[in-house]
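These notes are about the structure you will find just below.
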Amino acid sequence: MLAARVMAGMMLVAGAGCASAPSRQGDVARLDARPAAELSRIGDRVQADRLRADIEAMVGFGTRHTLSDETSPTRGVGAARRWVEAEFREISAGCGGCLEVVTPSGMFTGARLSGETRITNVVAIKRGRSDAGRVIIISGHLDSRVSDVMDAVSDAPGANDDASGVAAVIEAARILASEPLEATVVFAALTGEEQGLYGGQVLASYAKANGWRIGAVLNNDIIGNTEAYGRREASYVRVFSEGVRQFETPAMAAARVASGGEVDSPSRNLARHIRRVAESIGQLDARLIYRRDRFGRGGDQTPMQQAGYPAVRLTEAAEDYRRQHQDLRVENGVRYGDTIDGVDFDYLRRVTRLNVAVMAGLARAPAPPSGVTLSGAVSPDTKVSWTPAPGAVRYRVWRRDSTAERWTTPVDVGGGATTLTLEGVSIDDWFFGVSSVSADGHESPVAFAGPAGEFFPDIPAAAP
Ligand SMILES: [Zn+2]
């Protein structure tokens, strides 16, 4: 609070005192040291042996195919769902009932379903202290498959696709259950992914029905393998994000065409934020991929994006397709199938650590500012304005060269001001965005100026 008061009424120029210097593509703007150390410490609580035990338990259900046995206590998707639910309840028992556990579901028909099918997710919710309406989500999909997508009987261990993601979800719940957080955090084990991304649709509908203001969805799908086709890659995780948001009204599209934003959806700026956290806490790099998913493929982040929510997909760097969606077999000396020996638990620990740190930081930071707008056309200066975000004690105005990847040249604005004039900075030559900062230094992602970058657009009650 003292720092905030000292800052009141004045403007700080961070960086190397170079308000008008051009950015360099390779610039790294780390989080402030104190919040970075805090997030690193929280992430360090992730344990590889718990991740291993969770994956072993999930593999132990034989198959978790969406159309598999619902009633057996030991085999099939029903048993797996009840196990996740029991894990969440046990975590909650350890924190005085801090988690609310729900099982939202929906009925679907489709080419990969046999008749009308109920798709059920298992979701744990930890309400935030001061900003409970804002929601940060981690998700993974519990269902698994083999070569024939309709084969609901054969063993489908799905150790990496996607027990690894669900293990990260459960471990995140274990750790964040005991952390004081301002925003609500949600831990979601989804089903129906392999049959058509149904669990993501159920989650999006549940979010909409409950009026969640979603600040981030971290969808973890295939995050544990590090060796493929003679290549080992354990140094980074890929973060996939949409450029133009799929949720775009004609008015939003018109504004984007007129003033930019093709590479600045909130999902993209969430991805940039994740990389910034990764660079700040170490152990693992995040590589941004400018795609909503792998080429021609899909994941549960997509229905969330379609519903208007900022969402990314995290996936390992080196995928081995012989281990995905395969019957367990040996062919010409090559082993096929998604078995647990293909999971690198130290890598999975580091990917989970990054998720946990990102979630903790987002849930301690204020929301990104809404209504970020620019003015200054045909003038030498650029004026940036925004709407105050609850809990923010200051804001950071960022800019990027229009071809650059990283936000640079942050300018801190305190004292309750919600506007900044950048003198001598051309509105034409730069992209602009604003982040919010809490009293203890936690910072939101950057919201790109204009509707294309708005984190909390008006979402119609009817399906978009
Ligand atoms: Zn998957």
One residue from G243, G215, G224 being part of a loop (DSSP other than H, G, I, E, B), touching a Phe, Trp or Tyr at 6+ places or on another chain (Cβ under 8 Å), closer than 20 Å to A286 by Cβ and away from the ligand (no atom under 16 Å from the Cβ): G243
Restricting attention to the stretch 231-238, does a residue exist that is more than 12 Å from the ligand (Cβ to nearest atom), acidic (D, E), open to solvent by 20 Å² or more (accessible area, probe 1.4 Å) and part of a strand (DSSP E or B)? no
Can you confirm whether the stretch 379-391 contains a residue that is part of a loop (DSSP other than H, G, I, E, B), modelled with pLDDT of 95 or more, open to solvent by 20 Å² or more (accessible area, probe 1.4 Å) and hydroxyl-bearing (S, T, Y)? no
Might you check whether a residue that is surrounded by fewer than 22 Cβ atoms within 10 Å (Cβ to Cβ), without any contact (Cβ under 8 Å) to a residue 24 or more places away in the chain and in contact with a helix residue (DSSP H, G or I) (Cβ under 8 Å, 6 or more places away or on another chain) occurs anywhere in the stretch 73-85? yes
Quick check: anything in the stretch 189-196 modelled with pLDDT of 95 or more and under 21 Å from R364 (Cβ atoms)? no
Checking G158 against (1) touching a residue at least 60 places away in the same chain (Cβ under 8 Å); (2) open to solvent by 30 Å² or more (accessible area, probe 1.4 Å), the condition it does not meet: (2)
Report the residue count in the stretch 392-416 for those that are surrounded by fewer than 16 Cβ atoms within 10 Å (Cβ to Cβ) and either in a strand (DSSP E or B) or free of Cβ contacts under 8 Å to residues at least 12 places away in the same chain (or both). 1
Unmet requirement for D428, which otherwise passes all of (1) free of Cβ contacts under 8 Å to residues at least 60 places away in the same chain; (2) in a loop (DSSP other than H, G, I, E, B); (3) touching a Phe, Trp or Tyr at 6+ places or on another chain (Cβ under 8 Å): (3)
Check every one of the helices (runs of 4 or more DSSP H) wholly within the stretch 162-212 and list those with 1 or more residues that are touching a helix residue (DSSP H, G or I) at 6+ places or on another chain (Cβ under 6 Å) and away from the ligand (no atom under 16 Å from the Cβ). 163-176, 198-209
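Out of A124, A132, A183, report the one residue that is closer than 24 Å to A79 by Cα and either modelled with pLDDT of 95 or more or open to solvent by less than 10 Å² (accessible area, probe 1.4 Å) (or both).
Unique residue meeting the criteria: A124.
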In the stretch 122-137, is there at least one residue being within 21 Å of the chain's Cα centre (by Cα), within 16 Å of the ligand (Cβ to nearest atom) and not in a loop (DSSP other than H, G, I, E, B)? no
Taking into account only those residues within the stretch 297-332 that are in contact (Cβ under 8 Å) with a residue 12 or more places away in the chain and among the hydrophobic types (A, V, I, L, M, F, W, C), which is most open to solvent (accessible area, probe 1.4 Å)? L328
Scanning the stretch 138-161 for residues that are among the hydrophobic types (A, V, I, L, M, F, W, C) and more than 16 Å from the ligand (Cβ to nearest atom), which turns out farthest from A80 (Cα to Cα)? M150
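The values are calculated or read from the model by the stated rules, or taken from the named source; none is laboratory data. Just so you know, these numbers come straight off a predicted model, no measurement behind them. Reconstructed Cβ throughout: ideal geometry from the backbone, glycine too, with neighbour counts over all protein chains shown. Please note that ligands, DNA and RNA were not included when accessible areas were found on the heavy atoms of the full protein model with its side chains. Shrake-Rupley method; radii C 1.70, N 1.55, O 1.52, S 1.80 Å.
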